[in-house]
1. Among (1) assigned by TED's automatic domain parsing to the domain that holds N195; (2) part of a loop (DSSP other than H, G, I, E, B), which single condition is A123 missing?
2. Which condition number in (1) in contact with a helix residue (DSSP H, G or I) (Cβ under 6 Å, 6 or more places away or on another chain); (2) not in a helix (DSSP H, G or I) is the one that Q139 fails?
3. Could you go through the range 149-166 and let me know if any residue there is in contact with a His (Cβ under 8 Å, 6 or more places away or on another chain), in the same structural domain as E202 (by TED's automatic domain parsing), modelled with pLDDT under 95 and farther than 23 Å from Q200 by Cβ.
4. Being within 17 Å of the chain's Cα centre (by Cα) and either loosely packed, with under 11 Cβ neighbours inside 10 Å or among the hydroxyl-bearing types (S, T, Y) (or both), is that true of even one residue in the range 140-161?
5. Just the residues that are among the charged types (D, E, K, R) and either modelled with pLDDT of 95 or more or touching a strand residue (DSSP E or B) at 6+ places or on another chain (Cβ under 6 Å) (or both), please, taken from the range 173-210.
6. What pairs come out if I take residues in the range 168-190 that are in the same structural domain as K134 (by TED's automatic domain parsing) and within 18 Å of Q135 (Cβ to Cβ) and pair them with residues that are in a helix (DSSP H, G or I) and of a type in the set (S, T, N, Q) whose C-beta lies under 8 Å away, six or more apart or interchain?
7. Please determine whether any residue of the range 118-133 is loosely packed, with under 14 Cβ neighbours inside 10 Å, without any contact (Cβ under 8 Å) to a residue 40 or more places away in the chain and of a type in the set (K, R).
Amino acid sequence: MQSQFKYKLAFIAQKKMNFRFIFLSFLVLQAAVAYAENPLPKATWYRYYDSKGVANISTNVTPNHIRHGYEALDQNMQVIRRNRAYNTEADIKQAPQRAAHAKQQATDLKLKKAYGNSQVALAKRNDALGNIKKQIAFQQDQLKQLQTDRIYFKRQQIEHLRKAENIPVSLKTTIENNQKNIEAKRTMIQSLQINYRKTQAEYDNIIARLKALE
């Protein structure tokens, strides 16, 4: 007998819960239908208050509205939204920041178009640095050869001096040209090394920026 009574109580409680759920669902559905049939009203009037506190109303937004800040009103003169006054000083102060942000966005867009992602940029960096390394190695080999040639030419010069002979003009010219070529190669190697470091730094910045955008 007692078990049947408990069963009835549980059944009644379950029915109440079901009724509450159905009722809440009905309210949510009713609210959704009401919103669909009556969306937020559109602005009909625009009102601002001047420095003397006088209300000015018009059907469109004027520079004075923007300067003082204004309220958007519906056809019943009820406030829909409020817009703050335009602050000239704040806008001027923020101008450099906005310009920098716009410049960064333009740069980011160019990076994405050029590389797509950081992995592509990494591969291109490695290719670029690899090519510069090859050029440096080639120039260093030529420098070594010029230095070896110089030793040979200087020995010839010393041999003429040892024999108390006049140094041939052609040998003097060869030694001078050899020295100029050595200096040119050293300058070229130094320039390539600078280019290597610059290229590496540029690509590292690009890769870091692309990673930040991913």
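The values are calculated or read from the model by the stated rules, or taken from the named source; none is laboratory data. Quick caveat: nothing in here was measured; it's all calculated off a predicted structure. Glycine also receives a Cβ, built like all others from the backbone with ideal geometry; neighbour counts cover every protein chain displayed.
1. Every condition holds for A123 apart from (2).
2. Checking Q139 against (1) in contact with a helix residue (DSSP H, G or I) (Cβ under 6 Å, 6 or more places away or on another chain); (2) not in a helix (DSSP H, G or I), the one that fails is (2).
3. Our first condition is that a residue be in contact with a His (Cβ under 8 Å, 6 or more places away or on another chain); within the range 149-166, this holds for 166.
In the following step, the residues that additionally are in the same structural domain as E202 (by TED's automatic domain parsing) were identified as 166.
Those still in the list that are modelled with pLDDT under 95 too: 166.
Those left that are additionally farther than 23 Å from Q200 by Cβ: 166.
Looking for residues that are in contact with a His (Cβ under 8 Å, 6 or more places away or on another chain), in the same structural domain as E202 (by TED's automatic domain parsing), modelled with pLDDT under 95 and farther than 23 Å from Q200 by Cβ, one finds at least one in the range 149-166, hence yes.
4. Step one: filter the range 140-161 for residues within 17 Å of the chain's Cα centre (by Cα), giving none.
No: the range 140-161 contains no residue that is within 17 Å of the chain's Cα centre (by Cα) and either loosely packed, with under 11 Cβ neighbours inside 10 Å or among the hydroxyl-bearing types (S, T, Y) (or both).
5. Of all residues in the range 173-210, those among the charged types (D, E, K, R) come to 176, 180, 183, 185-186, 197-198, 202, 204, 209.
Listed by number, the residues that qualify are E176, K180, E183, K185, R186, R197, K198, E202, D204.
6. Going by the 8 Å Cβ cut-off, the qualifying pairs are I182/Q147; K185/Q139; K185/Q142; M188/Q139; I189/Q139; I189/Q140.
7. At the first step, the residues of the range 118-133 found to be loosely packed, with under 14 Cβ neighbours inside 10 Å are 119-120, 123, 126-127, 130-131, 133.
Next, from what is left, pick out any that are without any contact (Cβ under 8 Å) to a residue 40 or more places away in the chain: 119-120, 123, 126-127, 130-131.
Subsequent filtering for residues that are of a type in the set (K, R) retains none.
Checked against the condition, which is being loosely packed, with under 14 Cβ neighbours inside 10 Å, without any contact (Cβ under 8 Å) to a residue 40 or more places away in the chain and of a type in the set (K, R), the range 118-133 yields no hits at all.
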